[in-house]
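Notes follow once the structure below has been shown.
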Amino acid sequence: MPAPQSTTWDPDRYLRFADQRARPFHDLIARIGADAPARVVDLGCGPGNVTALLADRWPDAAVLGLDSSAEMIEAAQSRARTEGTGPGSLEFRRADLRDWRSQEPVDVVVTNATLQWVPGHLNLLTDLLKQIAPGGWFAMGVPGNFTAPSHALLTDLQRSERWAAHFTGAEFRPMSHEPAEYLRALTDAGADAEVWETTYYYVVDGENGVLDFVSSTALRPVLAELGGADSADAKAFTDAYADVLRVAYPPTVMHGHTVQILPYRRIFAVARRV
């Protein structure tokens, strides 16, 4: 199994776009048909802001958020509710979802904007479904924009003559599969599945808004290989990336403010274990 990411996450930078990042989560959990689940788990909970939405929807459930990032779990702890793990609780723990096994069946498992960071995650779906009680629900969402200019230009720049020698591939790059592949995998794992996709159009502030949006996600492992965000190479690379992003996503003016418009494709699946 590949080693975990060696780079760290910055919860504050990630939460700068909390509203945009939460919008797909709202759409995903709206399709979960569970009425009164006793145990709910969020795999890849990040700073816990959207995990709290699960506790709001099912206030009598024991809700658990798991994430492999110590920084994210530390940030999430301020959102924990009640003591213990019983009904009405919301707790957070550090764990790698690849190793996670529940001591008792779970009624709802949610994972949003996380599986793209897990190598070979399509093969993990069977194991994740085994943690769910019969009749329970699994819901997932991943970005489907890895061929979009925001990511294609990032790859092109890494492969350019100026930068190719700086990258060894030591840091895993996020990726996802097409909707039909998730549908097949979940069905083969013994679930009744529904899969769909949505393209959101985010309006991000500033002439470098798209760069700001991806800086805490797709750009993160790239800068790690360049010696960290504060290194001279990282700053030069970021400047070059910002230049091509402004061409791909031309800044415009809305309501008197300079913005960029970022189309963002998301892939979703909701499955019920039979």
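The values are calculated or read from the model by the stated rules, or taken from the named source; none is laboratory data. Computed from a predicted model, the values in this text were never measured in an experiment. Using ideal geometry, Cβ is built from the backbone for each residue, glycine included, and neighbour counts are taken over all protein chains shown. Keep in mind that these areas ignore ligands, DNA and RNA; they rest on the heavy atoms of the full protein, side chains included. Shrake-Rupley method; radii C 1.70, N 1.55, O 1.52, S 1.80 Å.
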Checklist entry - Can you find even one residue in segment 55-66 that is among the small types (G, A, S), farther than 24 Å from Q131 by Cα and either at pLDDT below 95 or not in a loop (DSSP other than H, G, I, E, B) (or both)? => result no
Checklist outcome for this item: Every listed condition ((1) touching a residue at least 12 places away in the same chain (Cβ under 8 Å); (2) of a type outside the set (F, W, Y); (3) touching a Gly at 6+ places or on another chain (Cβ under 9 Å)) holds for T82 save (1)
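Report those strands (runs of 3 or more DSSP E) wholly inside segment 166-274 carrying at least 2 residues which are under 20 Å from P149 (Cα atoms).
On the way: elements: 191-205, 252-254, 257-273.
Ranges flagged: 191-205, 257-273.
Does segment 41-68 hold any residues that are among the hydroxyl-bearing types (S, T, Y) and open to solvent by 10 Å² or more (accessible area, probe 1.4 Å), and which are they? Walk me through how you get there before you give the answer.
Taking segment 41-68 and keeping what is among the hydroxyl-bearing types (S, T, Y), we get 51, 68.
Of everything in segment 41-68, just one residue is among the hydroxyl-bearing types (S, T, Y) and open to solvent by 10 Å² or more (accessible area, probe 1.4 Å), namely S68.
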Next on the checklist: Between A133, A152, which is among the hydrophobic types (A, V, I, L, M, F, W, C) and within 30 Å of L211 (Cβ to Cβ)?
Outcome noted: A152
Checklist entry - Residues of segment 158-176 being open to solvent by less than 60 Å² (accessible area, probe 1.4 Å) and over 12 Å from A218 (Cα atoms), which ones? => result Q158, S160, W163, A164, F167, G169, S176
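Condition (residue is of a type outside the set (G, A, S), under 24 Å from H26 (Cα atoms) and open to solvent by 70 Å² or more (accessible area, probe 1.4 Å)) applied to segment 236-257: is it met by at least one residue?
Here is the first cut: in segment 236-257, the ones of a type outside the set (G, A, S) are 237-239, 241, 243-247, 249-255, 257.
Still in the running and under 24 Å from H26 (Cα atoms): none.
No, segment 236-257 contains no residue that is of a type outside the set (G, A, S), under 24 Å from H26 (Cα atoms) and open to solvent by 70 Å² or more (accessible area, probe 1.4 Å).
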Checklist outcome for this item: Picked from segment 149-186 (must be without any contact (Cβ under 8 Å) to a residue 40 or more places away in the chain and closer than 21 Å to N112 by Cα), the residue nearest to the chain's Cα centre (by Cα) is A180
Checklist outcome for this item: Those residues of segment 47-61 which are farther than 13 Å from A113 by Cα and in contact with a Pro (Cβ under 7 Å, 6 or more places away or on another chain) amount to W58, D60, A61
Checklist entry - Which residue, of D205, D212, D188, is open to solvent by less than 60 Å² (accessible area, probe 1.4 Å) and under 28 Å from G141 (Cβ atoms)? => result D212
Next on the checklist: Against the conditions (1) modelled with pLDDT under 95; (2) over 19 Å from the mean Cα position of the chain (by Cα), where does V222 fall short? Just the number, please.
Outcome noted: (2)
Checklist entry - What are the pairs, 6+ residues apart or on separate chains, where a residue within segment 94-123 that is under 23 Å from P24 (Cα atoms) has its Cβ under 7 Å from a residue that is open to solvent by 30 Å² or more (accessible area, probe 1.4 Å) and among the acidic types (D, E)? => result L122/E181
Next on the checklist: Looking only at segment 27-40, count every residue that is of a type in the set (A, V, I, L, M) and open to solvent by 10 Å² or more (accessible area, probe 1.4 Å) and tell me the total.
Outcome noted: 5
